[in-house]
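Structure, as structure tokens:
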Amino acid sequence: MRARFVDFHVHLDLYKDHLPQIVACDAKGVATLAVTTTPKAWDGNRRAVARSTHVRVALGLHPQLVGERAHELDHLLRLLPSTRFVGEVGLDAGPRFFRSLPEQERVFTTILKACAGLGSKVLTVHSVRATKKVLDLIEAHLPPDRGRVVLHWFSGTAAEARRATELGCYFSVNLGMFETPRGASIAAVLPLERVLTETDGPFVSMDGEPLKPGQVEPVLDRMATARGINAQALNRAVLANLGQLLT
Ligand code: MN
């Protein structure tokens, strides 16, 4: 079945009912990328989606966990040849994680270089208060012909968005971005041919309830309104962009 929606960043394994959620994503036709935060979650996630038609798993080591789990980098590198999708990876320079930033940079750089060496990887990348550094490392270590990057929950400036676009990056937009005026205005000006949708569930909520995997209609509505276009037209663009990303 062709995909009808795209949820390119969801923490599926953090839902208690994740197995029925996988079935629901398949039934709804949501091309779903289940990100992981530690390589230890890889095997379990792969087993969970073994029979799924629309859900894929990304191999990750979350920057917020690098402080305690940098030693899991070797595990990730061993698994890397067995996956096309990588994430959640990246940098977080927020106050709670600032201390591990040098270690995060070492881990992210190693992952980028390994992806460039293997080729054809698609990465979903976290960048909190570290957009410039993330783009510097991507530019230095992962040329566009060696791998593709999707910046998840982009929080940089318009100038940084232009730089990321020039570097070949895509942007997966979620509802949380519309909670700040700057996030909302950036989501309105990202190049249409580079935008994807994501829930980042269960970390993003609507009306006090975490979004379900694949529940991207609210972000389509918000982003379409912000851009002055129709939500169906935006969704068609997102589906076409996913096709481009995966060529
Ligand atoms: Mn996430």
Among what's in region 143-194 and is within 16 Å of the ligand (Cβ to nearest atom) and among the polar types (S, T, N, Q), pick the residue that is surrounded by the fewest Cβ atoms within 10 Å (Cβ to Cβ). 155
How do the pairs read when you match residues in region 130-143 that are among the hydrophobic types (A, V, I, L, M, F, W, C) with residues anywhere that are in a loop (DSSP other than H, G, I, E, B), using Cβ under 7 Å and keeping only pairs 6 or more apart or on different chains? 130/93; 135/167; 138/167
Over region 1-13, the set of residues more than 16 Å from the ligand (Cβ to nearest atom) and modelled with pLDDT of 95 or more is 3, 4, 5
Is it true that residue 47 is closer than 26 Å to residue 19 by Cα, more than 14 Å from the ligand (Cβ to nearest atom), without any contact (Cβ under 8 Å) to a residue 12 or more places away in the chain and charged (D, E, K, R)? yes
So which residues in region 23-41 are assigned to a helix (DSSP H, G or I), within 27 Å of residue 78 (Cα to Cα) and touching a residue at least 40 places away in the same chain (Cβ under 8 Å), if there are any at all? 39
Could you say whether any residue in region 63-74 is within 16 Å of the ligand (Cβ to nearest atom) and of a type in the set (A, V, I, L, M)? yes
Could you tell me whether any residue of region 64-79 is surrounded by 16 or more Cβ atoms within 10 Å (Cβ to Cβ), outside any helix (DSSP H, G or I) and not polar (S, T, N, Q)? no
Which numbered condition residue 181 misses (of (1) over 22 Å from residue 93 (Cα atoms); (2) without any contact (Cβ under 8 Å) to a residue 24 or more places away in the chain): (1)
For the condition over 15 Å from the mean Cα position of the chain (by Cα), among the charged types (D, E, K, R), at pLDDT 95 or above and part of a helix (DSSP H, G or I), what is the one hit in 51, 96, 106? 106
Step by step: first the residues of region 75-108, then only those that are within 16 Å of the ligand (Cβ to nearest atom) and of a type in the set (Phe, Trp, Tyr), then the one that is farthest from residue 121 (Cα to Cα). Which residue is that? 97
Filter region 220-247 down to the residues that are more than 15 Å from the chain's Cα centre (by Cα), under 24 Å from residue 123 (Cβ atoms) and not in a loop (DSSP other than H, G, I, E, B) and list them by number. 220, 223, 234, 235, 237, 239, 240, 243, 244
Filtering region 195-212 down to residues that are under 14 Å from the mean Cα position of the chain (by Cα) and within 16 Å of the ligand (Cβ to nearest atom) yields 196, 197, 198, 199, 200, 201, 202, 203, 204
Please enumerate the residues belonging to region 195-210 that are crowded, with 17+ Cβ neighbours inside 10 Å, out of contact with any helix residue (DSSP H, G or I) (no Cβ under 7 Å at 6 or more places or on another chain) and over 21 Å from residue 245 (Cα atoms). 201, 210
Only one of (1) buried (at least 24 other Cβ atoms within 10 Å of the Cβ); (2) under 27 Å from residue 231 (Cα atoms) is not met by residue 59, so which one is it? (2)
Applying the selection to region 14-44, what residues are within 16 Å of the ligand (Cβ to nearest atom), among the small types (Gly, Ala, Ser) and within 16 Å of residue 122 (Cα to Cα)? 34
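The values are calculated or read from the model by the stated rules, or taken from the named source; none is laboratory data. Just so it is clear, the structure is predicted and the values come from calculations on it, not from any experiment. As a convention, Cβ positions derive from the backbone with ideal geometry for all residues, glycine included, and neighbour counts pool all protein chains shown.
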